[in-house]
Amino acid sequence: MFRSPILSYTPHGLSNAILLPSVMKFNRSANLRKYAEVTIACGAPVGKDDNETAQNGVDFICELSKTVGIPQKLSDLNIPQNAVDGMAKAAMEVQRLLKNNPREVTEQDARDIYNSLY
């Protein structure tokens, strides 16, 4: 998973929790089997195949995030949408995290993920 340095003033766990559902949506296709296994471990519904099961896991995490009160929008943290370009650019500089991400992340991908949180 990657994390933008611009979110560094936000507690680490909170910024990860806010980004987790969107990053999972992005990364799911990179390893459906692994996401399906996580789904099963979470006790979320098993689907007809790994694709559906993995999606059920992403949906489960999205609902869990809402249920436990994680802010759903970056604007909830007073981060303006016009900061997205800078956040995406900064995220590309954190190579130690990007190289471990299961899917290659472009600056546009990062921008799309951040924009999905508005």
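The values are calculated or read from the model by the stated rules, or taken from the named source; none is laboratory data. Computed from a predicted model, the values in this text were never measured in an experiment. Note that we place each Cβ from the backbone using ideal geometry, even for glycine, and neighbour counts take in every protein chain shown.
What the table below lists for this structure:
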| read-out | value |
| --- | --- |
| Qualifying positions in region 82-99 - of a type outside the set (A, V, I, L, M, F, W, C) and free of Cβ contacts under 8 Å to residues at least 24 places away in the same chain | Asn82, Lys89, Gln95, Arg96, Lys99 |
| Candidate set: region 76-118, residues that are among the small types (Gly, Ala, Ser) and in a helix (DSSP H, G or I); chosen: the one surrounded by the fewest Cβ atoms within 10 Å (Cβ to Cβ) | Gly86 |
| Pairs, first aromatic (Phe, Trp, Tyr) and crowded, with 20+ Cβ neighbours inside 10 Å in region 9-33, second at pLDDT 95 or above and in a helix (DSSP H, G or I), C-beta under 6 Å, six or more apart | Phe26/Ile113 |
| Candidates Ser65, Ser15, Ser29, Ser22 - the one that is assigned to a helix (DSSP H, G or I), among the hydroxyl-bearing types (Ser, Thr, Tyr) and more than 12 Å from the chain's Cα centre (by Cα) | Ser29 |
| Top-ranked residue in region 63-75 [being of a type in the set (A, V, I, L, M) and surrounded by 14 or more Cβ atoms within 10 Å (Cβ to Cβ); ranked as farthest from Asp112 (Cα to Cα)] | Leu64 |
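Here's the yes/no breakdown for (1) touching a helix residue (DSSP H, G or I) at 6+ places or on another chain (Cβ under 7 Å); (2) of a type in the set (Val, Ile, Thr); (3) over 17 Å from Tyr118 (Cα atoms):
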{"site": "Ala17", "(1), (2), (3)": "yes, no, no"}
{"site": "Lys48", "(1), (2), (3)": "no, no, yes"}
{"site": "Ile61", "(1), (2), (3)": "yes, yes, yes"}
{"site": "Val84", "(1), (2), (3)": "yes, yes, no"}
{"site": "Arg103", "(1), (2), (3)": "yes, no, yes"}
